[in-house]
Each structure stands twice: as C-alpha cells, then as structure tokens.
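Have a look at the structure below before the remarks.
The values are calculated or read from the model by the stated rules, or taken from the named source; none is laboratory data. Note that the structure is predicted; figures quoted are calculated from it, not measured. Every residue, glycine as well, gets a Cβ built from its backbone with ideal geometry; the counts of neighbours run over all protein chains shown.
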Amino acid sequence: MNKTEETGSWFSRLIEGEMKDDMEINQRVMGTAILVLGVLGVLFFVAHQTGSTGFFTETFGTLEMLLLYGYFVYVIVSGTLYGLFGRKHLSRHFDVFGGLFFAAVANIWLLVVFPFEFTYFADVLPDFLRFLVQWISNDIAQVLLVLGIIWHLGGEVIMTVMYLGVRKARARTLQNV
C-alpha cells in the first residue's frame, strides 16, 4: 500500500466516523463545558462593562461590543448544539461559517483595535480568585489573541474539509439508495 492509499483510507475512516450524528459522552461533556465557559465569559465581560472598571478603553465602541459578545454567542450556540442536543450535524454549518467569521473577522479586528486595558482584568473577581488572571498584561493578552486566531483558523480548515467530506459522502450514500 502506498502513502496516498494510506492517507485516503485514514481520511475515509475519519469521514465515515463523522457521518454518524450521535456523539460520545466525552464529546457531549466537552460541548457542555464550552457552553458553561461561554456563559461565564459573557457574565465576566458584562460585569466589566456595567461596572465601568476601566478594562474597556474608549475605543470599545458598538462594533467592538458586537464582535466580542457575538463571539461568545457563537461559542454558546456551538456548545449547546454539541453538549445539550448531542448532534454534530445540527451545528456543522454554524461551526464552519460562524467560526470563520469570528476567527477571521472579529478576533482580528479586536486585535487591531485592542480596546482593552488588562491592568483591570481581575477587578470583577473576588479577591481570592484574582491571582488566576492578574498576571495577564496587555502584551500577554495580545499574544493569546494571536494564538487564538491561529487556533480558530486552523480549526476552520479542518472543519471545512470535514464538512465537505461528509457532504460528499452523504451525497454518495443518497445516490446509492
């Protein structure tokens, strides 16, 4: 067997596994964890915004607010579809197209504008939890944002390839019926 056949068979097995709509319990737990973290993220940033802590700078306008909270809505919806409903195919379109928008557009825009002052990032937490995030400076946050953009874009490539592969395999299955 040559390398091309091995790659093709590996990819074929991967696509075959993805055609099943049911999710394993560990995937559902991860989806639920993503949902919970998304909700906590929204509450964290809403506390900063309503408390006027100084975390959001003057450049945090309506567009930046929509992009930041839109990202969390994307995370919450994706986590809900995976964790609560346990169905991959419900979220496939949303993951591919929504993820691309938020990875490529929202996060890049927030990196360019960077409407945050991380000196105040820990201010909304109780005193005993502040040490968890107090070390994050603007520079570290920007590096983390760049890593997040790279992570999301890489994930988008994988999700798009999987989406197209599953779509093609499903079309073949329907033709054979």
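Could we say that Leu153 is under 28 Å from Ser12 (Cβ atoms), touching a helix residue (DSSP H, G or I) at 6+ places or on another chain (Cβ under 9 Å) and in a helix (DSSP H, G or I) here? Full working, then the answer.
On the way: under 28 Å from Ser12 (Cβ atoms): yes; touching a helix residue (DSSP H, G or I) at 6+ places or on another chain (Cβ under 9 Å): yes; in a helix (DSSP H, G or I): yes.
Taking the combined requirement at face value, the residue satisfies it.
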Consider the range 101-142. How many of its residues are among the polar types (S, T, N, Q) and in a helix (DSSP H, G or I)?
4
Hey, could you check the range 120-153 for residues that are among the small types (Gly, Ala, Ser) and at pLDDT 95 or above and say which is surrounded by the fewest Cβ atoms within 10 Å (Cβ to Cβ)?
Ser137
Which condition number does Ser78 fail, the rest of (1) farther than 10 Å from Gly38 by Cβ; (2) of a type in the set (S, T, N, Q); (3) in a helix (DSSP H, G or I); (4) in contact (Cβ under 8 Å) with a residue 40 or more places away in the chain being met?
(1)
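Test Leu174 against the stated conditions and say whether it is under 30 Å from Thr53 (Cβ atoms), exposed (fewer than 12 other Cβ atoms within 10 Å of the Cβ) and modelled with pLDDT under 95.
Numbers: under 30 Å from Thr53 (Cβ atoms): no; exposed (fewer than 12 other Cβ atoms within 10 Å of the Cβ): yes; modelled with pLDDT under 95: yes.
The answer is no for Leu174.
Is it fair to say Thr7 is hydroxyl-bearing (Ser, Thr, Tyr), modelled with pLDDT of 90 or more, over 18 Å from the mean Cα position of the chain (by Cα) and assigned to a helix (DSSP H, G or I)?
Numbers: hydroxyl-bearing (Ser, Thr, Tyr): yes; modelled with pLDDT of 90 or more: no; over 18 Å from the mean Cα position of the chain (by Cα): yes; assigned to a helix (DSSP H, G or I): yes.
Criteria not met by Thr7.
Rundown of residues vs (1) surrounded by 16 or more Cβ atoms within 10 Å (Cβ to Cβ); (2) modelled with pLDDT of 90 or more, yes/no style:
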site	(1), (2)
Gln27	no, no
Ile34	yes, no
Ala47	no, yes
Gly51	no, yes
Gly54	no, yes
Leu84	no, no
In the range 106-140, how many are more than 16 Å from Phe60 (Cα to Cα) and aliphatic (A, V, I, L, M)?
8
Consider Val166 carefully, then state whether it is surrounded by 15 or more Cβ atoms within 10 Å (Cβ to Cβ), among the hydrophobic types (A, V, I, L, M, F, W, C) and more than 30 Å from Thr50 (Cα to Cα).
yes
Any chance the range 45-67 includes a residue that's closer than 18 Å to Met159 by Cβ, in a helix (DSSP H, G or I) and touching a helix residue (DSSP H, G or I) at 6+ places or on another chain (Cβ under 9 Å)?
no
